[in-house]
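> To start, I am sharing the structure in question, which I have written as C-alpha cells.
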Amino acid sequence: MAVATKPAKHDVTDLGLAEAGGRRIAWAAREMPVLAGIRERFAKERPLRDLRIGACLHVTAETANLMLVLRDGGASVALCASNPLSTQDDVAAALVAREGIATFARKGEDRDSYYAHINAVLATRPQITMDDGADLVTELHTKRRELLSEVRGGTEETTTGVTRLRAMAGEGVLAYPIVAVNDALTKHLFDNRYGTGQSAVDGILRATNLLLAGKTAVVAGYGWVGRGIATRLRGMGSIVIVVEVDPLRALEAAMDGFEVTNIAAAAGRGDLFVTATGNLNVLGKEAIGCLKNGAILTNAGHFNDEIDLRALGELATERRELRPLVEEYRLRDGRSVVVLGEGRLVNLAAAEGHPPAVMDMSFANQALSVEHLVASAKTLEPRVYPVPRELDEDIARRKLVAMGMKIDALTDEQTTYARSWKAGT
Ligand code: NAD
Ligand code: ADE
C-alpha cells in the first residue's frame, strides 16, 4: 500500500491510527476477490478518468477497498460517513494519510458534524453521488441545489435510501438518475440477509456478551434483513418470535417455523428485541410500557427511529452507561430497559458491519453501476433505475469462480425444450 506524500483534505479523529487502518483494509481485501478483479481492470482502462465522486457510506475497511477501486479507475473521491456511529477511525485515517482520499468522518460525531461532513463532500462538486440512506442526496436537493447542474447520476446502497429516492421521483423532485444498488440480487439476497444476519448478532454479542441460547428474541420485520437475523438468532439457540405487518411475509415467517404475532403480544415476552423494518416507532410507547424488566432493545434498520427513544426518555427517571454502547433506562415503575448503540444499526455501531465477503458483491455492484452511469447517464431520465441484469449475473458468476464453485450450462437440447410448449405427458 502506498503512503501518500501529503494527507488529503480531511476531518478524522486521529491520523496516528493510519497504520492500523491500513492493516485492516488489507485484511478485508483478502475476502474481496470480485472487487479486486474490477480494480485491476479499472486501473488499466481508467473508465472513471477525471470524474469527481462524492460518497456518503459507512466508513469501514470494506468501503475503503471500494474507494481504492474508484480512485484507480481515475476518479477523485471524497468520502463522509452515512451514520454517526459506524466510522472505523483507523480506516478513515489510513484513507487520508496513506491513500490520499479526502475523508470526513469521526466515530461518535454529533448531528452538526455529520452534516458538516456531508457538506464537505458536496463542496468537492461531485458529478456522481454514492449514498447509503439518501442523506447526501437529500441535502443536495434541499440545501445545495446550486450544485445539481454538475451531477450526472448517483447510486444508492440501502433499502431505506431507495424508498426515499422513489418517493422523491414520485413527487417529481429527483433531479438526476440514480441506480438502486440495493435492488440487485447480488446485493440484497446476500448483504441484507446473510451480512446483517451475522453482523447484527456479532454486534449484540460484542456489546453485551449475552448468552443467546434459551433467550426469547423478538425480530420486527421479516424482510431481507429480518429473515437473516431471525435465522441466525435461531441458530444460536434463541426462541424467535417474528412481528410483521405484511401478510405474505408473516406467512413466510410462520412456514419458516417462527411464531408470528403482533408487537402488543410480543412486547411482554422478549428478552431481546431487534427491529429491522425501515419504519418508525416500531417499538413504540405502548410496547415499551409492556417490556419485561431488563429487556434489551436493538435496531438493525437504517435509521435510529425504529425504537421510540423519545418515549423511552420520557418514561425514564435515570439513564446510565453500563458498558460501552450499552445504556440502561430506569423507568418510573422500577423496570430497567437496555438500549444498544443508541438505537443505531447495531452491526455497525457495536461490531464491524458486514464481513468483506458479502461487501465484495455489494461494492462490485457500486463500482460497475458508476461505470454504467458514466457510459449512459446522458440517455437516462431523473428516475430510480435497477442495476442492469447482466452486471448482476456477471458479479454472481465471478463470485462463484472466486469461491471455487462450478455450475452447469444448459445443453442445446435442454434450451430448445425449455422454450417449447408442444412436449407434454
Ligand atoms: P424490506 O423492505 O425487505 O423489509 C422490511 C420489512 O419490515 C417488510 O417486510 C415490512 O412489511 C416490515 N415492516 C414495516 N413496518 C413494520 C412494522 N411497523 N412492524 C413490523 N414489520 C414492519 O427491507 P430490508 O432490506 O429488510 O431492510 C430493512 C431495514 O434495514 C432498512 O432500513 C434497510 O435500509 C436496513 N438495512 C440495514 C443494514 C445494516 O447493515 N444494518 C443492511 C441492509 C439494510
Ligand atoms: N453496511 C453494512 N456493513 C457494511 C460494511 N462492512 N461496510 C460498509 N457498509 C456496510
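Derivation of every value follows stated rules applied to the coordinates shown; laboratory data play no part. Quick caveat: nothing in here was measured; it's all calculated off a predicted structure. Because the Cβ atoms are built from the backbone with ideal geometry, glycine has one as well, and the counts that use them run over all protein chains shown.
> (1) among the charged types (D, E, K, R); (2) out of contact with any Ser or Thr (no Cβ under 7 Å at 6 or more places or on another chain); (3) outside any strand (DSSP E or B): which one isn't true of Glu352, the others all being true?
It is condition (2) that Glu352 fails.
> Consider Tyr194 carefully, then state whether it is more than 15 Å from ligand 2 (Cβ to nearest atom), crowded, with 19+ Cβ neighbours inside 10 Å and of a type in the set (Ser, Thr, Tyr).
Numbers: more than 15 Å from ligand 2 (Cβ to nearest atom): no; crowded, with 19+ Cβ neighbours inside 10 Å: yes; of a type in the set (Ser, Thr, Tyr): yes.
No, not satisfied.
> Further, regarding this structure: Could you please let me know if Gly237 is under 14 Å from the mean Cα position of the chain (by Cα) and of a type in the set (Gly, Ala, Ser)?
Values: under 14 Å from the mean Cα position of the chain (by Cα): no; of a type in the set (Gly, Ala, Ser): yes.
Judged against the criteria, Gly237 is not a match.
> Further question: Which of the residues spanning segment 292-304 are buried (at least 17 other Cβ atoms within 10 Å of the Cβ) and either among the aromatic types (Phe, Trp, Tyr) or outside any strand (DSSP E or B) (or both)?
First pass over segment 292-304, keeping only residues buried (at least 17 other Cβ atoms within 10 Å of the Cβ): 295-302, 304.
Matches in segment 292-304: Ala295, Ala300, Gly301, His302, Asn304.
> State which residue pairs qualify: first residue in contact (Cβ under 8 Å) with a residue 60 or more places away in the chain and inside segment 301-313, second residue of a type in the set (Ser, Thr, Tyr) and in a loop (DSSP other than H, G, I, E, B) in any location, beta carbons under 9 Å apart, and separation of 6 or more residues or different chains.
Gly301/Thr277; His302/Ser82; His302/Thr158; Glu306/Thr277
> When segment 331-349 is examined, which residues are found to be part of a loop (DSSP other than H, G, I, E, B) and either within 16 Å of ligand 1 (Cβ to nearest atom) or among the hydroxyl-bearing types (Ser, Thr, Tyr) (or both)? Before the answer, list the steps.
Going through segment 331-349, the residues part of a loop (DSSP other than H, G, I, E, B) turn out to be 332-335, 344.
Passing the criteria: only Arg344.
> Another question, if that's okay. State whether the residues of segment 228-240 include one that is part of a strand (DSSP E or B), free of Cβ contacts under 8 Å to residues at least 40 places away in the same chain and closer than 23 Å to Leu291 by Cα. Write out each step before concluding.
Step one: list which residues in segment 228-240 are part of a strand (DSSP E or B), which gives 239-240.
Then drop every residue that is not free of Cβ contacts under 8 Å to residues at least 40 places away in the same chain, which leaves 239-240.
Retained after the next criterion (residues that are closer than 23 Å to Leu291 by Cα): 239-240.
Yes, segment 228-240 contains at least one residue that is part of a strand (DSSP E or B), free of Cβ contacts under 8 Å to residues at least 40 places away in the same chain and closer than 23 Å to Leu291 by Cα.
> Now a separate question. Quick check: is even one residue across segment 37-50 surrounded by 15 or more Cβ atoms within 10 Å (Cβ to Cβ) and either under 18 Å from the mean Cα position of the chain (by Cα) or assigned to a strand (DSSP E or B) (or both)?
Checked segment 37-50: no residue is surrounded by 15 or more Cβ atoms within 10 Å (Cβ to Cβ) and either under 18 Å from the mean Cα position of the chain (by Cα) or assigned to a strand (DSSP E or B) (or both).
Residue-wise test of (1) of a type in the set (D, E, K, R); (2) surrounded by fewer than 19 Cβ atoms within 10 Å (Cβ to Cβ); (3) away from ligand 2 (no atom under 16 Å from the Cβ).
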{"site": "Val219", "(1), (2), (3)": "no, no, yes"}
{"site": "Trp224", "(1), (2), (3)": "no, no, no"}
{"site": "Gly237", "(1), (2), (3)": "no, yes, yes"}
{"site": "Val243", "(1), (2), (3)": "no, no, yes"}
{"site": "Leu251", "(1), (2), (3)": "no, yes, yes"}
{"site": "Asp256", "(1), (2), (3)": "yes, yes, yes"}
{"site": "Phe273", "(1), (2), (3)": "no, no, yes"}
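> Restricting the search to segment 268-291, which residues are in a loop (DSSP other than H, G, I, E, B), more than 19 Å from Ala207 (Cβ to Cβ) and not β-branched (Val, Ile, Thr)? I'd like the intermediate steps shown before the answer.
First pass over segment 268-291, keeping only residues in a loop (DSSP other than H, G, I, E, B): 268-271, 276-282, 284, 291.
Imposing the further condition that a residue be more than 19 Å from Ala207 (Cβ to Cβ) reduces the set to 268-269, 277-282, 284.
Residues satisfying the conditions are Gly268, Arg269, Gly278, Asn279, Leu280, Asn281, Gly284.
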